[in-house]
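Taking it in order: structure first as structure tokens, then the write-up.
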Amino acid sequence: MKTQGDLHQHKRQTTLTIILFAVILAGCATTQAQRPLTGSEIQPGPASESSQEQEPGQNRPNNEEQPNEKAPVDPTAMTAAHNHWRSQVGVPQLTWSEKLVNVAQDWADTLKEDGCGFHHSHNGYGENLFKASPLIWSDGQKELQDTSPEEVTNSWGNEIKYYEYSDNSCSGVCGHYTQVVWKETTEVGCARSVCDDKSQIWVCSYSPAGNMAGKRPY
């Protein structure tokens with residue numbers, strides 16, 4: 001038999017939507033044979049959900065990070081996450097580039113100013129994009145998701161299941177993965193912007209750019 005206290009408990013559902021996009025771009029002087037393998041846009045990946053419980057009338061505490069502030073990416077964690085996937089195929093490790101951080105931050109800020117939608121920079125660098133929606137509670141309160149460099153990079157690396165090395169083909173989306181492990185790429189720099197609705201956009205820029213049509217990543 002339910003008690004009065006039991007009747008006042010409600011299950012709160014949080015919603016997590018992760019949208020993945022990637023574009024891997026060659027330089028301005030790219031020839032016809034060197035066009036990016038994956039094209040200019042990649043369709044979103046599947047959404048996932050998680051749930052939590054909370055007493056009615058209580059609000060989730062506000063995240064200390066204000067939604068209008070830049071949110072720097074941990075360079076050690078992000079570089080290590082990339083090099084984890086690169087080590088599996090025996091390609092040289094990436095190094096962190098502050099120049100590429102600035103490139104990535106500029107684009108993350110631009111996407112934020114454009115309403116946190118997705119389009120691509122076409123700036124001559126390789127580019128992987130990731131977006132995480134806010135956690136939304138049943139009382140309408142929003143908060144930042146706890147999203148890590150490992151989670152972001154692994155979402156790209158897990159596309160390995162769609163990549164077939166023998167004929168250099170993709171059975172699904174794999175352009176994020178092939179850029180992460182592209183042998184000729186030597187540097188990475190990543191940044192993040194937090195949008196007004198507390199969604200977040202992650203941008204990683206790569207040099208030299210990968211995903212040249214007709215070439216294997218390693």
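The values are calculated or read from the model by the stated rules, or taken from the named source; none is laboratory data. Small disclaimer: the values here were computed from a predicted structure and weren't measured. Positions of Cβ are generated from backbone atoms using ideal geometry, with glycine treated the same way; all protein chains shown enter the neighbour counts. Calculation scope for accessible area: heavy atoms of the full protein, side chains included, ligands and nucleic acids excluded. Shrake-Rupley method; radii C 1.70, N 1.55, O 1.52, S 1.80 Å.
Data table
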{"quantity": "Within region 88-138, tally of residues that are in contact with a helix residue (DSSP H, G or I) (Cβ under 9 Å, 6 or more places away or on another chain), over 19 Å from Pro208 (Cβ atoms) and surrounded by 14 or more Cβ atoms within 10 Å (Cβ to Cβ)", "calculated": "5"}
{"quantity": "First in region 58-86 and under 23 Å from Thr110 (Cβ atoms) and assigned to a loop (DSSP other than H, G, I, E, B), second anywhere and β-branched (Val, Ile, Thr) and at pLDDT 60 or above, Cβ under 7 Å, 6 or more apart", "calculated": "Glu65/Val194; Pro67/Val194; Glu69/Val194; Ala71/Val194"}
{"quantity": "Sole exception among (1) at pLDDT 95 or above; (2) open to solvent by less than 20 Å² (accessible area, probe 1.4 Å); (3) over 30 Å from Glu164 (Cβ atoms) for Asp74, by number", "calculated": "(2)"}
{"quantity": "Single residue of region 136-161 satisfying the filter (polar (S, T, N, Q) and under 18 Å from the mean Cα position of the chain (by Cα)) that is farthest from Val173 (Cα to Cα)", "calculated": "Gln145"}
{"quantity": "Pair list, Cβ < 6 Å and 6+ apart or interchain, from region 198-210 residues that are closer than 16 Å to Pro92 by Cβ to residues that are open to solvent by 10 Å² or more (accessible area, probe 1.4 Å) and assigned to a strand (DSSP E or B)", "calculated": "Ser207/Glu187"}
{"quantity": "Within region 146-173, tally of residues that are open to solvent by 60 Å² or more (accessible area, probe 1.4 Å), of a type in the set (D, E, K, R) and part of a helix (DSSP H, G or I)", "calculated": "3"}
{"quantity": "Residue match in region 174-193 (condition: modelled with pLDDT under 95 and not in a strand (DSSP E or B))", "calculated": "no"}
{"quantity": "Tally of residues being open to solvent by 10 Å² or more (accessible area, probe 1.4 Å) and out of contact with any strand residue (DSSP E or B) (no Cβ under 8 Å at 6 or more places or on another chain) across region 179-218", "calculated": "7"}
